[in-house]
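Asks: Below: one structure in structure tokens.
The values are calculated or read from the model by the stated rules, or taken from the named source; none is laboratory data. If you're wondering where the values come from, they're calculated on a predicted model, not measured in any experiment. Here the Cβ positions follow ideal geometry from the backbone for every residue, glycine too, while neighbour counts run over all protein chains shown. SASA here: full protein model, heavy atoms, side chains in, ligands and nucleic acids out. Shrake-Rupley method; radii C 1.70, N 1.55, O 1.52, S 1.80 Å.
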Amino acid sequence: MDYKNMKFRMCNGCDRGLCAKGVGRQNKQLNTYDWLADVPGNAESTDLVEVQFKNTRKGYYHNVNNLDLKKGDIVAVEANPGHDIGVVTLTGRLVKLQIKKANLKSQDDIKRIYRIAKQVDLDKCKEAKSREHGTMIQSRQIAKDLGLKMKIGDVEYQGDGNKAIFYYIADERVDFRQLIKVLADTFHVRIEMKQIGARQEAGRIGGTGPCGRELCCATWMKNFISVSTNAARYQDISLNPQKLAGMCAKLKCCLNYEVDSYVEASRKLPPKDAVLQTADGDFHQFKVDILAGLITYSSDKNLASNLETISIERAKAIIEMNRQGEKPLSLLEDGKAKPVAKPIDLLAEADLSRFDKAKKKKKKNNKNKGPRQQERDNKPQKNENRAQNGDNKPQKNEGKPNNQRRDNRNQGKGDNRQSRNDRRPNKGNRPQNGNKPQGNNAPQNGNKPQGNNAPQGNNAPQE
């Protein structure tokens, strides 16, 4: 087959229950999965269309011209003033649910779609977008010169380049009337100021959270609910600011996801200050596993001592028995006494000689050895034979006492040393036979030369 000239096409149908239209992923935040994309008549059920612009800004428009729009189409929409360029992200029935979620009650907020964007529109939009970064840097310097306590986080130009939206963050109310005049005179466009929070800024920038997934504020979350530390307390999470804070330096939004389940489960728990009285002693609550329904009790109120883990039902049963004046044998079920822990002797059944290795004698196999190895093995045998043969020979100094033998050895060594000294040649004026120089100039008893004998001035030795 000729693979080079073969034409390939993307599959737009449904395969294994997933529709390519619905799972299409654009390069923007707040992606929506259209699970009704393969339903016949879904697109014709309503003329509402969801269009997305830069980062997380979305708008909803009427398809008054009945254009055949699909997810990913670039369209020109109505704006004030002029027109804007965006990307279609959703069509059909789900758009109504998105409008309800966005709290758009007035029909005036829903404008209309003009046409599918032409090449002229795309070129003009690209030229306007290229000025955004430089405008943001320059506007930050202008706000700093005016002494305004605000941070301009992003700038977005309209598709036709007639309008610019400045997103800023401020902790307090800011009077930016003078700022708008300076910005309009500098960039010659219509200025719109929008205040956003730290969470919205993190969603516009995007990123990956500590869980390893894309940020919730950048994928699906639009409405932000306030998060408090009580959500962490209900879930028994350590109040560590570094772990509880997200990418926006605020408390993580995911702390509110499961807090309702924890609150409902914590209602079944016995009181924290309840003391369980048993025959073994009193036990205080140490820690709780809320979802598993297990409570750990300690015999000491402040320390982890003699820990016992029981179920919530067992703890409530013991509390009811204490009210009636009864004390169970232990915290275990059915009133069983706690088994006494016996000390374990690790060497009770162990053999002390288990680490000893049995020495095995190596058998000599001359067949596998080379000729050199065999010669080495035979050498000590020759020496042994010589020693056996030499036992019959008469030995020197035999029959003499040990002291006389030592004197003869020492005498021989002394004669050899003297003969060696006689053979040594005399070199220069070096003293012979170990005699030191004598005379008046020789230092005696380790004393240094003093007085006239010491070398002075010109008499000092020269090189």
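Asks: Under a point spin-label approximation (7 Å from Cα along Cα-to-Cβ), what is the Gln324-Lys70 distance to one decimal in nm?
Replies: Once both label points are built, they end up 7.4 nm from each other.
Asks: Given the whole protein assembly as supplied and a 1.4 Å probe, what does the accessible area of Trp220 come to in Å², nearest 10?
Replies: Answer for Trp220: close to 130 Å² accessible.
Asks: Moving on. In what sequence, largest accessible area first, do Lys100, Lys151 appear using a 1.4 Å probe?
Replies: These residues rank, largest area first, as Lys100, Lys151.
Asks: Still on this structure, I have one more. Quick one: 3J(HN,Hα) in Hz for the range 272-289, Karplus 6.51/-1.76/1.60 with θ = phi - 60°, rounded, Gly and Pro as x.
Replies: Once θ is set to phi - 60°, the couplings for the range 272-289 become 5, 7, 6, 9, 8, 9, 10, 5, 7, x, 8, 10, 10, 5, 10, 8, 9, 9 Hz.
Asks: At q = 0.11, 0.16, 0.20 Å⁻¹, work out log10 I(q)/I(0) for the range 60-146 with the Debye formula, treating every Cα as an identical point scatterer and leaving solvent out; two decimals please.
Replies: Normalising to I(0) and taking log10 leaves -0.44, -0.79, -0.99.
Asks: Next up: Could you order the peptides 110-118, 188-196 from most to least packed, using the average number of other C-beta atoms within 10 Å per residue?
Replies: 110-118, 188-196
Asks: Ranked highest first by average number of other Cβ atoms within 10 Å, how do 296-302, 54-60 line up?
Replies: Most protected by this proxy first, the peptides run 54-60, 296-302.
Asks: Here is a further query. Rounded to the nearest 0.05, what FRET efficiency is calculated for Leu239 and Ile169 with R0 set to 30 Å and r the Cβ-Cβ distance?
Replies: 0.70
Asks: Please compute the length gained on full extension between Phe224 and Asp300, using 0.36 nm multiplied by the number of residues separating them and subtracting their Cα-Cα distance.
Replies: 23.0 nm
Asks: If I take R0 = 22 Å and measure r between the Cβ atoms of Lys101 and Tyr257 in this structure, what FRET efficiency does the formula 1/(1 + (r/R0)^6) give, to the nearest 0.05?
Replies: Computed FRET efficiency for Lys101 and Tyr257: 0.80.
Asks: Determine how large the accessible area of Thr208 is when every protein chain is in place; take a 1.4 Å probe and give Å² rounded to the nearest 10.
Replies: Roughly 80 Å² of Thr208 is accessible to a 1.4 Å probe.
Asks: Might you tell me the accessible area per residue for the range 35-80, computed with a 1.4 Å probe and given in Å²?
Replies: For the range 35-80, the per-residue accessible area is 47 Å².
Asks: Let me ask another. All other residues with a Cβ under 14 Å from the Cβ of Ala315 taken together, and with Lys, Arg as +1 and Asp, Glu as -1, what is their net charge?
Replies: -1
Asks: Past 28 Å, Cα to Cα: identify those pairs from Lys101/Lys149; Lys126/Lys252; Lys71/Lys118; Lys250/Lys272, in the order given.
Replies: Lys101/Lys149; Lys126/Lys252; Lys250/Lys272
Asks: Run the Debye formula on the Cα coordinates of the range 29-94, all scatterers equal and no solvent, and tell me log10 I(q)/I(0) at q = 0.12, 0.16, 0.19, 0.24 1/Å.
Replies: Results for the range 29-94 at q = 0.12, 0.16, 0.19, 0.24 Å⁻¹ read -0.29, -0.51, -0.71, -1.10.
Asks: Residue-wise, which Karplus ³J(HN,Hα) couplings in Hz belong to the range 120-126, taking 6.51 cos²θ - 1.76 cosθ + 1.60, θ = phi - 60°, and x for glycine or proline?
Replies: 5, 5, 5, 5, 5, 5, 5
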